[in-house]
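Here the structure comes first, spelled out in structure tokens, and everything after it is commentary.
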Number of protein chains: 2
Amino acid sequence: MAGKYNKLTDSLISSLIEIVGPGNVISGEACENYSRDETPNCRPVLPEVVVRPENAVAIARVLRLACENKIPVTPRGGGTGLSAGAVPIYGGIVLSLEKMERILEIDEANFTATVEAGVTLEKFTLAVSERGLYFPLYPGEKTATLGGNMATNAGGMRAVRYGVARNFILGLEAVLPTGEIIQTGGKYFKCSTGYDLTQLITGSEGTLAVITSMILKLTNPAGRSEILLVPFNSLGEAIGTVQEILKKGLRPIGIEFMQRNVVELAERFTGKEIPYHQYASFLMILIEAENEEEILDQASRISEICLLRNAVDVFIPGSERAKRDLMEAREKMYPAVQHNGLLTMADVVVPRSSIAEFVEKAEALTQKSSLGFFAVGHAGDGNVHIMLTGTSSGANEKLAQEILRDIYELGVSMGGMISGEHGIGAEKKAFLPLAMNREKIELMRRIKKAFDPYNILNPGKVLYPD
Amino acid sequence: MAGKYNKLTDSLISSLIEIVGPGNVISGEACENYSRDETPNCRPVLPEVVVRPENAVAIARVLRLACENKIPVTPRGGGTGLSAGAVPIYGGIVLSLEKMERILEIDEANFTATVEAGVTLEKFTLAVSERGLYFPLYPGEKTATLGGNMATNAGGMRAVRYGVARNFILGLEAVLPTGEIIQTGGKYFKCSTGYDLTQLITGSEGTLAVITSMILKLTNPAGRSEILLVPFNSLGEAIGTVQEILKKGLRPIGIEFMQRNVVELAERFTGKEIPYHQYASFLMILIEAENEEEILDQASRISEICLLRNAVDVFIPGSERAKRDLMEAREKMYPAVQHNGLLTMADVVVPRSSIAEFVEKAEALTQKSSLGFFAVGHAGDGNVHIMLTGTSSGANEKLAQEILRDIYELGVSMGGMISGEHGIGAEKKAFLPLAMNREKIELMRRIKKAFDPYNILNPGKVLYPD
């Protein structure tokens with residue numbers, strides 16, 4: 001596939017400099033920073049050149065040039081992806097959105113914000129909260145850009161009540177690979193006018209179009225929040241409890257689960273003890289409410305259900321500091337496992353009621369090997385992260401990939417999918433045929449062609465074979 | 001365009017009989033019932049034949065036959081659409097989903113239901129409520145099918161809190177025009193695995209694929225509901241109040257607005273008086289809560305805001321019967337206007353804060369003519385229905401279409417779209433170029449081609465020119 005592409009000539013590089021300005025073209029060693037993302041064991045690939053356009057018109061010109069000359073273009077947000085979606089696997093141009101970082105408008109009357117794609121989640125949530133509003137999307141990595149969040153349909157911990165990235169996007173501006181600029185959606189919450197291109201482009205991992213700006217939905221801040229840490233003697237009991245909580249009409253913003261061995265690693269990594277760490281499985285339940293009274297009411301109703309369902313106890317942090325420590329422990333679980341020789345990670349989603357069975361069977365698949373098995377995830381929405389660890393060697397990496405395949409097959413056989421929130425990227429594309437039939441992949445390929453007839457935009461991602 | 005299609009031969013009709021069974025093929029006069037939908041002034045077109053397949057495999061065979069022989073196929077749900085989306089404008093085959101009306105599963109553990117496309121909204125909401133669950137989608141017309149609701153991305157009165165049709169769909173089974181059967185999504189709430197075909201097919205008005213079954217999201221029932229009728233001296237005051245209510249973090253399930261002249265027609269039509277009918281503008285605020293105490297709390301907080309914002313009063317029905325009467329009045333506004341010589345109806349969506357300005361300007365556009373102007377709609381989500389009335393004549397119909405065009409242009413110039421919930425169908429396709437640039441229409445056309453290379457599925461709908 002790579003052979004189909006041309007290399008950049010000096011004359012093309014001059015054209016790129018003319019389009020984006022000399023300060024916005026990076027070549028040589030400095031390209032190193034754009035050769036990888038945060039995928040475990042990421043295999044970096046150097047782009048020939050990095051361009052950092054400042055507006056959609058410049059992006060359109062870059063893409064037209066790339067089409068005319070058959071140069072691959074890989075769009076890049078914060079580079080925090082976990083599926084090698086931003087790695088320029090065929091070289092060519094990395095198109096970084098880092099210079100498009102303006103918050104164009106926060107519209108308090110309509111509860112919307114219009115932002116450029118390169119705005120980081122951190123900058124945006126701060127700006128929104130300064131206006132007394134709230135953007136609940138919380139995939140965990142605050143240096144991620146909003147464009148990247150939308151491109152991968154990022155999820156995170158607050159999805160149970162608020163949904164995932166695609167539930168926050170009302171419209172976007174995007175540049176098609178052939179250079180046309182389109183606008184989709186708007187500041188409204190209902191639309192039946194043509195195909196939903198907003199939703200099609202969201203989650204397409206930069207393979208259909210370059211998102212340049214977005215209209216995002218805002219909401220009111222919650223006022224008060226709390227965390228409940230609930231130890232159980234088995235994952236089955238923990239997951240059964242999730243269903244009871246939701247059946248009773250309670251709507252925590254997030255319900256996380258974790259197994260003891262992940263908790264132990266997180267303790268070692270942060271140097272802070274987690275209460276009740278000796279138990280087998282945990283739920284971490286995040287709640288929000290308007291005021292103290294409602295928080296207490298929710299917390300007590302949830303606690304009651306947990307205890308009826310055999311929870312060992314319910315721990316509610318007594319201080320803001322203890323609350324922060326608990327959140328930190330959850331957020332550090334991934335780096336803690338990473339630190340311990342992470343070989344690969346699955347991001348499977350299964351029906352919520354099947355989580356315990358899925359984890360148990362996935363663990364059995366792993367136990368045939370010498371690899372470490374760590375499970376953590378979003379119990380409220382069925383999204384399970386399974387991390388396999390071991391000493392870094394070719395044999396172990398191969399083994400991890402084989403087990404990963406078995407785990408994906410298991411997830412799909414239970415009515416699930418192979419990625420809940422990280423995307424397919426380059427890393428998981430070979431597994432796509434496990435998740436869908438040939439007819440569906442062929443349809444996606446025809447859609448890709450409808451957007452990108454020359455296959456220059458983020459080639460080698462999502463679809464398989466390319 | 002019609003010239004591109006072939007007529008059905010006796011041999012093809014025999015094949016259709018063989019595929020769906022003799023009892024499921026309708027021809028001759030009985031086709032009359034399948035020649036129109038509920039579009040104002042609908043121009044009926046007789047199909048050559050109606051088929052009523054009982055499963056996806058039969059649909060796939062019908063579509064393959066249609067592709068091979070260049071026969072147009074128009075899918076049909078309940079026939080309650082308002083944009084002539086189910087009218088077989090090029091003749092050929094009407095593919096009715098009426099025989100696919102099984103509720104396949106209600107999964108209480110995962111809050112999902114799996115249903116065939118021909119299940120009516122009425123049957124489904126009843127079955128769900130018998131299981132103690134709730135499906136809030138409420139576009140108003142209960143004889144509509146769920147497949148039709150999804151195909152048009154139906155909205156309705158409860159969208160402020162619960163969203164529109166596309167917010168309820170987790171996955172679907174669909175038959176592509178070329179006969180392949182695909183499954184998308186599943187019983188999970190997060191997915192980043194390939195392009196979101198579920199969302200692309202939803203709202204595509206049967207032009208991309210025939211939806212055969214769907215996985216829908218359920219929720220908990222509310223327990224208690226209430227309606228507040230709030231009269232104002234101007235629409236501006238009413239709309240300003242909506243923003244205040246939402247800013248205070250209150251989340252009614254719906255906020256409707258209506259103008260005095262619509263209220264008067266509804267009174268005459270139902271024979272029942274509406275309280276405070278002498279005032280200029282009204283909000284009808286629908287609230288839901290778990291219990292009586294919460295309902296009273298919400299009602300009192302909303303009332304307080306309304307009165308601070310110059311509401312004349314707040315009327316809360318004292319009995320279940322008075323509540324039903326009020327809902328009936330709202331639901332009968334459309335038939336009441338229809339009864340009064342409805343020529344055409346706009347279904348514009350604008351940013352919520354611009355509703356009053358939009359209605360005022362749209363009325364000014366109409367006042368140059370002798371046509372009647374009636375505005376009603378969903379103030380909570382910016383969706384405005386403008387109905388133009390007059391004696392039925394060629395001249396008046398032409399005039400209504402001209403004013404409609406001006407109203408659409410106005411809506412788009414204010415950041416809106418030309419359909420919020422009814423779809424484009426055949427009726428509004430000529431206005432599509434007002435709503436989007438040529439590049440975007442061309443992209444939609446290429447997507448259509450990726451699904452339907454022979455253009456046999458619901459041709460002449462949505463896209464323009466065909």
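Identify, from the list B:Glu122, B:Glu130, B:Glu116, the residue that is charged (D, E, K, R), more than 29 Å from B:Arg43 (Cβ to Cβ) and within 21 Å of the chain's Cα centre (by Cα).
On the way: B:Glu122 fails: more than 29 Å from B:Arg43 (Cβ to Cβ); B:Glu130 fails: within 21 Å of the chain's Cα centre (by Cα).
Only one candidate qualifies: B:Glu116.
Take the conditions under 19 Å from B:Gly206 (Cβ atoms), part of a loop (DSSP other than H, G, I, E, B), modelled with pLDDT of 95 or more and β-branched (Val, Ile, Thr) and apply them to B:Ile441. Does it pass? Taking the combined requirement at face value, the residue does not satisfy it.
Could you count how many residues in the range B:170-186 are touching a residue at least 40 places away in the same chain (Cβ under 8 Å) and either at the interface with chain A (Cβ under 10 Å from one of its Cβ atoms) or open to solvent by 10 Å² or more (accessible area, probe 1.4 Å) (or both)? The qualifying residues number 8. Set side by side, the residues A:Glu442, A:Glu421, A:Glu409 differ, and just one is of a type in the set (Asp, Glu), closer than 28 Å to A:Ile355 by Cβ and surrounded by fewer than 23 Cβ atoms within 10 Å (Cβ to Cβ), which is A:Glu409.
Every residue, every condition in (1) surrounded by fewer than 18 Cβ atoms within 10 Å (Cβ to Cβ); (2) more than 16 Å from B:Glu98 (Cα to Cα), yes or no:
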position	(1), (2)
B:Val25	no, no
B:Asn33	yes, no
B:Pro47	no, yes
B:Pro53	no, no
B:Ala58	no, no
B:Gly81	no, no
B:Ala86	no, no
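Answer with yes or no whether A:Glu304 is open to solvent by 20 Å² or more (accessible area, probe 1.4 Å) and either part of a loop (DSSP other than H, G, I, E, B) or within 24 Å of A:Arg224 (Cβ to Cβ) (or both). In short, yes. One residue alone among B:Lys429, B:Lys461, B:Lys398 is surrounded by fewer than 23 Cβ atoms within 10 Å (Cβ to Cβ) and within 14 Å of chain A (Cβ to nearest Cβ), and that residue is B:Lys429. In contact (Cβ under 8 Å) with a residue 60 or more places away in the chain, among the aliphatic types (A, V, I, L, M) and assigned to a strand (DSSP E or B) - does that describe any residue in the range A:350-365? Within the range A:350-365, none of the residues are in contact (Cβ under 8 Å) with a residue 60 or more places away in the chain, among the aliphatic types (A, V, I, L, M) and assigned to a strand (DSSP E or B).
Selection within the range A:160-169: residues that are part of a loop (DSSP other than H, G, I, E, B) and more than 7 Å from every other protein chain (Cβ to nearest Cβ). The member of this set that is farthest from A:Ile59 (Cα to Cα) is A:Gly163. Within the range B:1-21, residues that are under 20 Å from B:Gly179 (Cα atoms) and among the small types (Gly, Ala, Ser) have Cβ atoms under 8 Å from residues that are part of a helix (DSSP H, G or I) and at pLDDT 95 or above in these pairs: B:Ser15/B:Leu65, counting only partners at least 6 apart in sequence or on another chain.
Mind checking which strands (runs of 3 or more DSSP E) fall wholly inside the range A:21-126 and carry at least 2 residues that are closer than 30 Å to A:Glu397 by Cβ? Even if it seems obvious, please write down each step before you answer.
Details: elements: A:49-51, A:73-76, A:93-96, A:103-107, A:112-116.
The qualifying strands (runs of 3 or more DSSP E) are A:73-76, A:93-96.
From the list A:Ala86, A:Ala58, which one is under 30 Å from A:Ala400 (Cβ atoms) and in contact with a helix residue (DSSP H, G or I) (Cβ under 9 Å, 6 or more places away or on another chain)? Step through it out loud before you land on a result.
Details: A:Ala58 fails: under 30 Å from A:Ala400 (Cβ atoms).
The conditions single out A:Ala86.
Scanning the range A:150-159 for residues being outside any loop (DSSP other than H, G, I, E, B) and surrounded by fewer than 24 Cβ atoms within 10 Å (Cβ to Cβ) gives a total of 1.
For B:Gly318, the criteria (1) outside any helix (DSSP H, G or I); (2) in contact with a helix residue (DSSP H, G or I) (Cβ under 9 Å, 6 or more places away or on another chain); (3) more than 14 Å from every other protein chain (Cβ to nearest Cβ) hold in every case but one, which is (2). Close contacts from the range B:432-448, counting a first residue that is at negative phi and a second that is open to solvent by 60 Å² or more (accessible area, probe 1.4 Å) and not aromatic (Phe, Trp, Tyr), with Cβ to Cβ under 7 Å and a gap of 6+ residues or different chains, come to B:Leu434/B:Glu409; B:Ile441/B:Pro433.
The values are calculated or read from the model by the stated rules, or taken from the named source; none is laboratory data. Note that this is a predicted model, so its numbers are computed, not measured. Because the Cβ atoms are built from the backbone with ideal geometry, glycine has one as well, and the counts that use them run over all protein chains shown. These accessible areas exclude ligands, DNA and RNA; they are computed on the full protein's heavy atoms, side chains included. Shrake-Rupley method; radii C 1.70, N 1.55, O 1.52, S 1.80 Å.
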